[in-house]
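Asker: Handing you this structure, nothing more for now.
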Amino acid sequence: MALSWKSWIANEGGKHLILVMWLGLNTWLFWRTFILYYSGPQYYYLHKMLGLGLCVSRASASVLNLNCSLVLLPMCRSILTCLRGSHKIVSRKGRRLLDKSKTFHVACGVSICVFSVVHVLAHLANAVSFSARYSEEFPSLNVAHHRGEDPRIIILTTVPGITGVLLVLILFLMFTASSYCIRVSSYEIFWYTHNLFIVFYIVLLVHVVGGALKYQTNVDTHPPGCFRPNRTDPEPRAGTQPSREPVPSGSEDGDGFNNVCREEARFQAHFPSTWLWVSGPLCLYCAERLYRYVRGSTPVTIVSVISHPCDVIEVRMLKKHFTARPGQYVVLNCPSISSFEGHPFTLTACPTESKGTFGIHLRVVGDWTERFSELLLPGSGIESEILPIVQQRRYPKLYIDGPFGSPSEEVFNYEVSLCVAGGIGVTPFAAVLNALLDEWQKYKLRRIYFIWICRELQSFYWFADLLCAVYHKENRPDYFNIRLYLSKAEGLQTISEERYRALSSRLLIGRPRWKPLFEEIGKANKHKRVGVFCCGPKGISKTLHKLCNSNHFFGTTFEYNKESFS
């Protein structure tokens, strides 16, 4: 499968440009700080004491400051949602870059972990140097109390040392709990440990006020390495040669007598600069979280709960002044299960002018969804028939945070869109189909290919009525192209109900043959841009991604969009 540079640039060019700019900024900042502490005259005596450990620790700290500020920005979901909805401000390419906000957040997080290790190792070397190279000549420059002090005591009795240990522990918990296996097996652990970022930033701001590293304030009157005529050198220890300070470049006399110190060197701790880096993004993030808290403080009214086959529950809700666009998602919080924990779910139906309710479909997988289903349907099995709950019932209190933007919103901004869903991954496209059912004329979309792959035949009944309704309403040729694939069939299976005849004729056994499918779509839409949207297993997503970057099919460019919760 040959790579097409035009397709690659359309799909990957923007994010790789951002990546190169981010890497370049990190590299430039590291090198600039390293050189400053290596050759800067104000750090001459400190560098003489600590060596390269000083340069590496400060250079890595600069990179950490940058990434600790950037890592918060992709998590400002409401701001990103607002930008995504502003078509006049942000172009489609810009909106597609917003889909990579989670990836950028992860990149910044990994960078923080890597340079934290570098920073810690450099400061361990600095602790040893403070002990071994205790300065009798400049007492204010020392962190150790005497020569040969145990470096562990230096670390555990100073503010930077104690807070540094705490930061390492917090970062270790956050990083390990962010691994894919833990997020899948126990999302609660990931959620609670990740919220330790609040403690992390508080400790970080305390960490930088310790003032362990000091710079010289009177370089003009005490040039580094200048001759001090009134100094009495201490007796050299046995086996060592008398030390002599090097003369900095630019002195007229090799013996340094023309470069005489006019006063003793004075040292001062740096004014903490970390807060200058993180205060802006931190305040922005806190303001955004406060806005979300106020917006989501009113509970929703649960209108109905419907049990579907294959452990799926549909929840219909109502909330005053709630608006959303098709493809967006909300974060659900049920205090009866957990006061703080929230889980994202895509909206399958958005409120309209004629209908104020909105809904979600959730699959019962994991502890949280199991407990939530028990609260919604007490005493009834999930295997029950597809029947609305008509009897009066006291539902649990439920709060929502959102809505938030997702790549599926862009379906309407292409003339031709290909929507590929795997199992419950159909939910973002259900809201799209509901919107088309209400009014398709106002959208740019003129043709939509809908492919849904399921393991069980009963899964197609989740949205069978919706698919048939859209198909019968949009009876224009090739406007709505449905293909259903049953990937795990046992014997002859079909959708036998008469009202679902349109779906029965489009049900195929097996998996899609993606390359011929792309060739067919490319031939029918020559020289156009086709938006490809995927929400499903990684295997399908990876295959579609490769095909979108491959050689053009009849001059058609396929732009890849993958659904993921930020």
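Asker: Mind checking the alpha-carbon convex hull of segment 25-150 and giving the volume per residue in Å³?
Answerer: Cα-based convex hull of segment 25-150, divided per residue, equals 129 Å³.
Asker: Starting from the residue with the highest accessible area, list 23, 457 in decreasing order, probe 1.4 Å.
Answerer: The ranking, largest first, comes out as 23, 457.
Asker: Would you mind calculating the relative contact order of segment 92-157 from Cα pairs under 8 angstrom and at least 6 residues apart, reporting the percent as a whole number?
Answerer: 24
Asker: Expressed as a whole percentage, what fraction of the accessible surface of segment 252-354 belongs to carbon and sulfur atoms when a 1.4 Å probe is rolled over the protein heavy atoms? Show your work: numbers first, answer last.
Answerer: On the way: 3080 of 5400 Å².
About 57 percent, which is the carbon plus sulfur part of the accessible surface.
Asker: Residue 260 label point, 7 Å along Cα→Cβ, cut-off 19 Å on backbone N: hits in segment 188-232?
Answerer: Residues 219-232 fall inside that zone.
Asker: Please give the peptides 320-328, 292-300, 526-534 ranked by average Cβ packing (other Cβ atoms within 10 Å per residue), highest first, as a rough proxy for protection.
Answerer: Output ranking for 320-328, 292-300, 526-534: 526-534, 320-328, 292-300.
Asker: Still on this model: How much length would be gained if the chain were fully extended between residue 38 and residue 93, taking 0.36 nm per residue of separation minus their Cα-Cα distance, in nm to one decimal? Each step should come with its number before you reach the end.
Answerer: On the way: separation 55, 0.36 × 55 = 19.80 nm, distance 4.23 nm.
Additional length available on full extension: 15.6 nm.
Asker: Placing +1 on the Cβ of each Lys and Arg and -1 on the Cβ of each Asp and Glu in segment 41-129, which of 123, 112, 44 has its Cα farthest towards the positive end of the resulting dipole?
Answerer: 112
Asker: I've got another one for you. From the backbone phi of segment 177-189, what are the Karplus-calculated ³J(HN,Hα) couplings (6.51 cos²θ - 1.76 cosθ + 1.60, θ = phi - 60°) in whole Hz, Gly and Pro given as x?
Answerer: So the J values, rounded to whole Hz, are 6, 8, 5, 4, 5, 6, 4, 7, 6, 8, 4, 4, 4.
Asker: Using Cα-Cα distances under 8 Å and only pairs 6 or more residues apart, what relative contact order does the chain have, in percent?
Answerer: Once divided by the residue count of the chain, the mean separation gives 14 percent.
Asker: For the chain, with every protein chain kept in place, what is the accessible area per residue (1.4 Å probe, Å²)?
Answerer: With all protein chains present, the chain gives 51 Å² per residue.
Asker: I would also like to ask the following. Taking the alpha-carbon centroid of each part, what is the distance from segment 269-307 to segment 6-51 in angstrom?
Answerer: Computed from Cα coordinates, the inter-centre distance equals 30 Å.
Asker: Mind running the shape call on segment 95-165? Use the C-alpha gyration tensor, a ≥ b ≥ c as the square roots of the eigenvalues: rounded below 1.5 for a/c, prolate if a/b tops b/c, oblate otherwise.
Answerer: The shape class here is prolate.
Asker: Going from the alpha-carbon gyration tensor of the chain, what semi-axes, largest first and in whole Å, does one get by taking the root of 5 times each eigenvalue?
Answerer: Output for the chain: semi-axes of 62, 27, 19 Å.
Asker: Oh, and also: Summing +1 for each Lys or Arg and -1 for each Asp or Glu, what net charge is found among the other residues whose Cβ lies under 13 Å from the Cβ of residue 93?
Answerer: +3
Asker: Separate question: Helix-only mean residue ellipticity at 222 nm, the chain, DSSP H runs n ≥ 4 weighted -39,500 (n - 2.57), per residue, nearest 500. What is it?
Answerer: Estimated from H runs of four or more residues: -13000 deg cm²/dmol.
Asker: How large is ³J(HN,Hα), in whole Hz, for each residue of segment 12-28 in order, when computed from phi with the Karplus curve 6.51 cos²θ - 1.76 cosθ + 1.60 and θ = phi - 60°, using x for Gly and Pro?
Answerer: Values per residue, Gly and Pro as x: 10, x, x, 5, 6, 5, 4, 4, 5, 5, 5, 5, x, 5, 5, 5, 4 Hz.
Asker: Related question: From the Cα gyration tensor of segment 137-225, with a ≥ b ≥ c the square roots of its eigenvalues, which class applies: rounded if a/c is under 1.5, or else prolate if a/b is larger than b/c, or else oblate? Before the final figure, lay out the partial values.
Answerer: Values: a/c = 3.96, a/b = 2.63, b/c = 1.51.
It comes out prolate by the Cα gyration axes.
Asker: Follow-up. Sort the following peptides by mean Cβ neighbour count (other Cβ atoms within 10 Å, averaged over residues), highest first: 188-198, 496-506.
Answerer: Order by mean packing, descending: 188-198, 496-506.
Asker: Right, something else. Return a whole-number percent for the relative contact order of segment 1-158, with Cα pairs under 8 Å and 6 or more residues apart as the contact set. Before the final figure, lay out each step's value.
Answerer: Values: 133 pairs, mean separation 36.8, N = 158.
With pairs under 8 Å counted, the relative contact order is 23 percent.
Asker: Only Lys, Arg, Asp and Glu count, each charged at its Cβ (+1, +1, -1, -1), so figure out the dipole size of segment 275-378 about its Cα centre, rounded to 20 debye.
Answerer: The dipole magnitude comes to about 440 debye.
Asker: Find the centroid of the Cα atoms in segment 508-540 and in segment 412-429, then give the distance between the two in whole Å.
Answerer: Segment 508-540 and segment 412-429 have Cα centres separated by 11 Å.
Asker: Starting at the first residue of segment 118-132, write each ³J(HN,Hα) from the Karplus equation 6.51 cos²θ - 1.76 cosθ + 1.60 with θ = phi - 60°, in whole Hz, x for Gly and Pro.
Answerer: Computed from phi, the couplings for segment 118-132 are 4, 4, 5, 4, 5, 6, 5, 5, 5, 4, 5, 5, 4, 7, 6 Hz.
The values are calculated or read from the model by the stated rules, or taken from the named source; none is laboratory data. None of these values were measured; they are calculated from a predicted model. All Cβ positions, even for glycine, are placed from backbone atoms using ideal geometry, and neighbour counts span all protein chains on display. These accessible areas exclude ligands, DNA and RNA; they are computed on the full protein's heavy atoms, side chains included. Shrake-Rupley method; radii C 1.70, N 1.55, O 1.52, S 1.80 Å.
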